[in-house]
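Let me begin by presenting the structure, written as structure tokens, before commenting on it.
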Amino acid sequence: MFYKFLNLIKTVYQKYFEIACFFASIFIILLALLMDYILGLYACPLCILTRYVFLAIALFSALKFFLKFNRLPLWGIMTSSFIGCLITLRHIYIQNLSVEGVSNLSGCGMPLSTTIEYYGLLNGLVMVLKGGPSCSEENWRLVFNFAEWGLIFFIIFFSLSFIKITNKWVYL
């Protein structure tokens, strides 16, 4: 029974990995938007930047679904996941700073779009990654907060796309 379940997981992974990544990324984005509008949670610029990385993963996944024999979209999924890991690690670090550490942050005090309009794309992203007091707030928690869940999903996407690129399946 257990080996049949493992074979089912292997088959789904080999045949439907891209479409599963697409739907998982879109689901995460929609969940975050619903939490904003229904629960009234305010998303900080790092949270919004994380959503854009999930959107990039969804786009690369859809591209890979249509281009079956091209590995370039898998590299895009893996690179986007790595960037997402870095962003969420920074977000988790900011959330775990002391009160004095949070008060020393000089980054995002404005929404993401305003920051990018005011500072330009690269300088705006640098300011957002510096973080600010709004990034240190933890509004929602279900075992982990949203940044920690994002990190878990980015690690999963990165690992599975790496395995798929190298064509190595680890048999348990």
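The values are calculated or read from the model by the stated rules, or taken from the named source; none is laboratory data. All values reported here derive from a predicted model rather than from experimental measurement. Cβ coordinates were reconstructed from backbone atoms using ideal geometry, including for glycine residues, and neighbour counts include every protein chain displayed.
Numbers below:
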{"read-out": "Residue match in the stretch 127-139 (condition: over 21 Å from residue 52 (Cβ atoms) and either part of a helix (DSSP H, G or I) or modelled with pLDDT of 80 or more (or both))", "value": "yes"}
{"read-out": "Any hit, the stretch 152-170, residues being closer than 30 Å to residue 4 by Cβ, in contact (Cβ under 8 Å) with a residue 12 or more places away in the chain and of a type in the set (Lys, Arg)", "value": "yes"}
{"read-out": "Candidates 137, 117, 148, filtered to the one that is farther than 30 Å from residue 10 by Cβ, touching a residue at least 24 places away in the same chain (Cβ under 8 Å) and acidic (Asp, Glu)", "value": "137"}
{"read-out": "Matching residues in the stretch 122-167 - criterion: being closer than 18 Å to residue 60 by Cα and crowded, with 17+ Cβ neighbours inside 10 Å", "value": "150, 153, 154, 157, 158, 160, 161, 164"}
{"read-out": "Residues being assigned to a helix (DSSP H, G or I) and either in contact with a Lys or Arg (Cβ under 9 Å, 6 or more places away or on another chain) or not hydrophobic (A, V, I, L, M, F, W, C) (or both) - total across the stretch 55-68", "value": "2"}
{"read-out": "Count of residues meeting criterion [assigned to a helix (DSSP H, G or I) and either in contact with a His (Cβ under 8 Å, 6 or more places away or on another chain) or in contact (Cβ under 8 Å) with a residue 24 or more places away in the chain (or both)] in the stretch 103-114", "value": "2"}
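Listed here are the residues, each with its yes/no results for (1) in contact (Cβ under 8 Å) with a residue 12 or more places away in the chain; (2) of a type in the set (Gly, Ala, Ser); (3) part of a helix (DSSP H, G or I).
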| residue | (1), (2), (3) |
| --- | --- |
| 17 | yes, no, yes |
| 30 | no, no, yes |
| 35 | yes, no, yes |
| 46 | yes, no, yes |
| 53 | yes, no, yes |
| 70 | no, no, no |
| 89 | yes, no, yes |
